[in-house]
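Asks: I am attaching a structure below and will ask some questions about it afterwards.
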Amino acid sequence: MTTVIYPGTFDPITNGHLDIIERSAVIFPKVLVAVAESPSKKPLFSLDERVELARQSVAHLENVEVFGFSDLLANVIKARNVTAIIRGVRTTTDFEYELQLAALNRLLTKGVESLFFPPREKWAFVSSTMVREIYLHGGDVAALVPTTVFNALQARCPK
């Protein structure tokens, strides 16, 4: 069975992330959403919270599994027999960075390829960082994130 992995910090998971997961789930029989611990990024939500928000967001997709990890992605890929890495690429800056990561991951995993998904136009500007900044400055992000994420933002940072 072909298994792909979509790694990220997902702090929080956005509708842009969800769109890439849904599109991947149509193409591949098994999609792993790997939520990275990423302590250096000082996430708003804990790893467990981000995993749970991602799980709730993809509950309608039977072939998607969500888990957290703190190990090197290459080790997770080897342990789970992953065939390819899914990455969203919004801009040329994203693309240049992702090309570097793809080369490193291909080296570390002995050949696992990265597949780049461009965003749908309506999600091209959405990032977790933008969502957090907009929300923390009083903006409405309800259209940018799944409902469970919006509720979690309201609970974490009431206005």
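Asks: Which condition number in (1) of a type outside the set (A, V, I, L, M, F, W, C); (2) outside any helix (DSSP H, G or I); (3) over 29 Å from K122 (Cβ atoms); (4) at pLDDT below 95 is the one that N81 fails?
Replies: N81 satisfies every listed condition except (4).
Asks: Looking at the stretch 143-159, which of the residues that are outside any loop (DSSP other than H, G, I, E, B) and without any contact (Cβ under 8 Å) to a residue 40 or more places away in the chain is nearest to T9 (Cα to Cα)?
Replies: F150
Asks: Considering only the stretch 12-65, state which residues are touching a residue at least 60 places away in the same chain (Cβ under 8 Å), of a type outside the set (D, E, K, R) and more than 19 Å from S114 (Cβ to Cβ).
Replies: Those that are touching a residue at least 60 places away in the same chain (Cβ under 8 Å), of a type outside the set (D, E, K, R) and more than 19 Å from S114 (Cβ to Cβ): P12, I13, T14, N15, L18, L44, F45, L53, Q56, S57.
Asks: Does T92 satisfy the criteria of being among the hydroxyl-bearing types (S, T, Y) and in contact (Cβ under 8 Å) with a residue 12 or more places away in the chain?
Replies: no
Asks: Related question: Scan the stretch 135-142 and give yes if some residue there is over 21 Å from V33 (Cα atoms), touching a Leu at 6+ places or on another chain (Cβ under 9 Å) and in a helix (DSSP H, G or I), otherwise no.
Replies: Yes: the stretch 135-142 contains one or more residues that are over 21 Å from V33 (Cα atoms), touching a Leu at 6+ places or on another chain (Cβ under 9 Å) and in a helix (DSSP H, G or I).
Asks: Taking the stretch 53-70 as the search range and keeping residues that are over 18 Å from T2 (Cβ atoms) and either of a type in the set (S, T, N, Q) or at pLDDT below 95 (or both), which one is surrounded by the fewest Cβ atoms within 10 Å (Cβ to Cβ)?
Replies: The residue in question is S70.
Asks: What number of residues within the stretch 38-52 satisfy the criterion of being at pLDDT 95 or above and either among the hydrophobic types (A, V, I, L, M, F, W, C) or assigned to a loop (DSSP other than H, G, I, E, B) (or both)?
Replies: Residues in the stretch 38-52 being at pLDDT 95 or above and either among the hydrophobic types (A, V, I, L, M, F, W, C) or assigned to a loop (DSSP other than H, G, I, E, B) (or both): 4 in total.
The values are calculated or read from the model by the stated rules, or taken from the named source; none is laboratory data. Because the structure is predicted, anything quoted here is derived from the model rather than measured. FYI the Cβ positions are ideal-geometry reconstructions off the backbone, even for glycines, and counts take in every protein chain you see.
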